[in-house]
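One structure is given here, and the rest of the page talks about it.
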Amino acid sequence: MHTQVGIIGAGPAGLLLSHLLHRHGIESVVLETRGRDQIESTIRAGVLEQNTTDLLIEAGVGERMKAEGAVHHGFELAFEGKRRRIDLTALTGHSITVYAQHEVLKDLVAARIAANGSVFFNVSNTSISGIETDAPSIRFTHGGVEHTLHCDFVIGCDGSQGVSRASIPSARRRDYECVFPFGWFGILVEAPPTSDELIYARHERGFALVSTRSPSVQRMYFQCDPKDSTENWSDDRIWSELHARVDSVDGATVTEGRIFQKNIVGMRSYISSTMQHGRLYLAGDAAHIVPPTGAKGLNLAVSDIRILAKALQAFYSEDRTDLLDAYTDTALKRIWRAEHFSYWMTRLMHRLDGVSAFEQRLQVAELEHVTTSHAAALAMAENYVGTSAV
Ligand code: RFL
Ligand code: PHB
């Protein structure tokens, strides 16, 4: 089997790259360990920056998002029993769109299939060789048969647990990591929205986030021990925790409903500052992880792909290698900005065990500052909507 670009992973990064390359007449094959049903139903991100929605629309895969996604012009910060609004659009001229990641994936899979794109689901034993040559290859098993995909480039879009990153010799890699001692307990709820906009709450009991998916399905999270189990949390216990953390003194309260999914995720920041080696390039979560507080992970994956698709296009149409050579340096500028913002917002909003009462009061002082100073609010808003990126 031969193709121009072999892509490992059918997450947002891999599928979007395959789609963009196709639009420029470049062939690719996508290999994915999970089934199509699985990738189209796994609940993850919800917030898309305007950079992301603009690219999806430009690439012809934004129709359903435009019809069904909800455009938000601000969000609320809840602390000390009150709620204060960050007016994203007044501050930056930009907005965000709440449209679930698995809906983006459905749109991308449909576009690849409509174009007769080659996507292999349920593959196993993926391994990469020859990345230091001009003819790398990917071996994989599909339907019980072993295959070798020969290609010009291998792109690792296989997320944080994939095989691609480990194919870069460790002597050439430099990794940076910070693991947070807390996680997020996430629920999906059948209920009308609590508020028109997202609410990020800082409370002595811990962080909470009220997000949405549709007029009848809400997404909520609260800070928890990453080693806790969903079995320890009855619906009543969840609601009393969310009320304690989010309800405000003016009587605004979290809307309850039937909880139909519960899960716990850990939180960490991670960067592999080598995103390319020979003919292997990493993109998205395969190269970097952010804690979800700043809603940046999917948007960063899309921004890597924007850079990489352009670089591959310059290679195939103009025989240029300069953009490919510069990929890591170009992408890392935005990645470090988003890493800093996500880390900052995580430490601003979460209960930090072991810090002094003085430092806990500093969190409140900083929240007062970002909700009263135009300059501080603008800095937060620019980062959140993604316009501070280079
Ligand atoms: P993905 O989505 O993990 O896709 C990688 C794919 O590769 C497959 N794979 C393999 N395939 C073949 N061979 C192998 N050896 C393979 N190993 C793995 C996997 O099955 C998978 O399908 O990575 P990608 O494309 O880089 O996309 C990254 C995003 O998924 C991620 O950053 C976001 O979900 C993060 N995130 C958020 N990002 C936002 O921009 N806005 C948000 O509001 C937001 N909220 C979130 C989030 C992540 C969360 N979790 C679950 C940590 C909320 C949460 C709770
Ligand atoms: C979500 O809706 O899943 C969501 C929203 C905002 C975040 C993270 C996740 O910061």
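The values are calculated or read from the model by the stated rules, or taken from the named source; none is laboratory data. In this text the structure is predicted, and so the values were computed from the model without any measurement. For neighbour counting, all protein chains shown are included, and Cβ atoms are generated from backbone atoms with ideal geometry for every residue, glycine included. The area values use the complete protein model at the heavy-atom level, side chains included, leaving out ligands, DNA and RNA. Shrake-Rupley method; radii C 1.70, N 1.55, O 1.52, S 1.80 Å.
Take each complete run of DSSP H in the chain, measure how far its Cα atoms stretch along the helix's own axis, and keep only those covering 18 Å or more with mean Kyte-Doolittle hydropathy at least -0.5; list them.
101-114, 297-318, 357-370
Counting only protein heavy atoms and a 1.4 Å probe, tell me what percentage of the chain's accessible area is made up of carbon and sulfur.
Exposed carbon and sulfur together represent 49 percent of the surface.
Can you compute the charge dipole magnitude of the range 130-242 about its Cα centre, using +1 on each Lys and Arg Cβ and -1 on each Asp and Glu Cβ, nothing else charged? Give it in debye, rounded to the nearest 20.
So the magnitude is around 280 debye.
Assigning unit charges at the beta carbon (Lys, Arg +1; Asp, Glu -1) and nothing else, what dipole magnitude in debye, to the nearest 20, does the chain show about its Cα centre?
About 240 debye.
Using a 1.4 Å probe and ignoring any ligands, DNA or RNA, find the accessible area of Y343 and quote it in Å² to the nearest 10.
Using a 1.4 Å probe on the heavy atoms, I get roughly 90 Å².
Once phi is turned into ³J(HN,Hα) by the Karplus curve 6.51 cos²θ - 1.76 cosθ + 1.60 with θ = phi - 60°, what whole-Hz value does each residue of the range 219-227 show in order, with x for glycine and proline?
10, 10, 9, 9, 4, 8, 6, x, 8
What list of ³J(HN,Hα) couplings, whole Hz, do you get for the range 147-163 from phi and the Karplus terms 6.51, -1.76, 1.60, once you set θ to phi - 60° and write x for glycine and proline?
For the range 147-163, the Karplus curve yields 10, 10, 9, 8, 8, 8, 9, 10, 10, x, 10, 9, x, 6, 9, x, 9 Hz.
Would you mind checking K82/K296; K106/K296; K227/K333; K106/K262; K106/K227 for any pair whose Cα atoms are more than 28 angstrom apart?
K227/K333; K106/K227
Taking springs between alpha-carbon atoms closer than 10 angstrom, which of A301, A166, A208 fluctuates most in the Gaussian network model of the chain?
A166
Determine how many Å³ per residue the convex hull of the Cα atoms of the range 196-310 encloses.
Spelled out: Cα convex hull of the range 196-310, divided by residues, is 155 Å³.
Using per-residue counts of other Cβ atoms within 10 Å, averaged over each peptide, order 96-105, 286-295 from highest down.
Going by the mean number of other Cβ atoms within 10 Å, highest first, we get 286-295, 96-105.
Quick one: how many Å² of W184 are accessible to a 1.4 Å probe, rounded to 10?
About 10 Å², rounded to the nearest 10.
Using unit Cβ charges (K, R positive; D, E negative) and no other charged atoms, how large, in debye to the nearest 20, is the dipole of the range 1-126 about its Cα centre?
Value, rounded to 20: 200 debye.
Once phi is turned into θ = phi - 60°, what whole-Hz ³J(HN,Hα) does the Karplus curve with 6.51, -1.76 and 1.60 give for every residue of the range 276-286, x standing for Gly and Pro?
For the range 276-286, the Karplus-derived couplings read 8, 8, x, 9, 9, 10, 9, 9, x, 4, 5 Hz, x marking Gly and Pro.
Roll a 1.4 Å probe over the protein heavy atoms and report the accessible area of D175 in Å², nearest 10.
Using a 1.4 Å probe on the heavy atoms, I get roughly 70 Å².
Using the charge dipole of the chain (Lys, Arg: +1 at Cβ; Asp, Glu: -1 at Cβ; taken about the Cα centre), state which of F140, V61, G81 has its Cα farthest towards the positive end.
F140
State in Å² the accessible area per residue of the chain; use a 1.4 Å probe, count heavy atoms of protein chains only, and round to the nearest integer.
42
At 1.4 Å probe size, put H350, H22, H203 in order of accessible surface, largest to smallest.
Ranked from most to least accessible, the order is H22, H203, H350.
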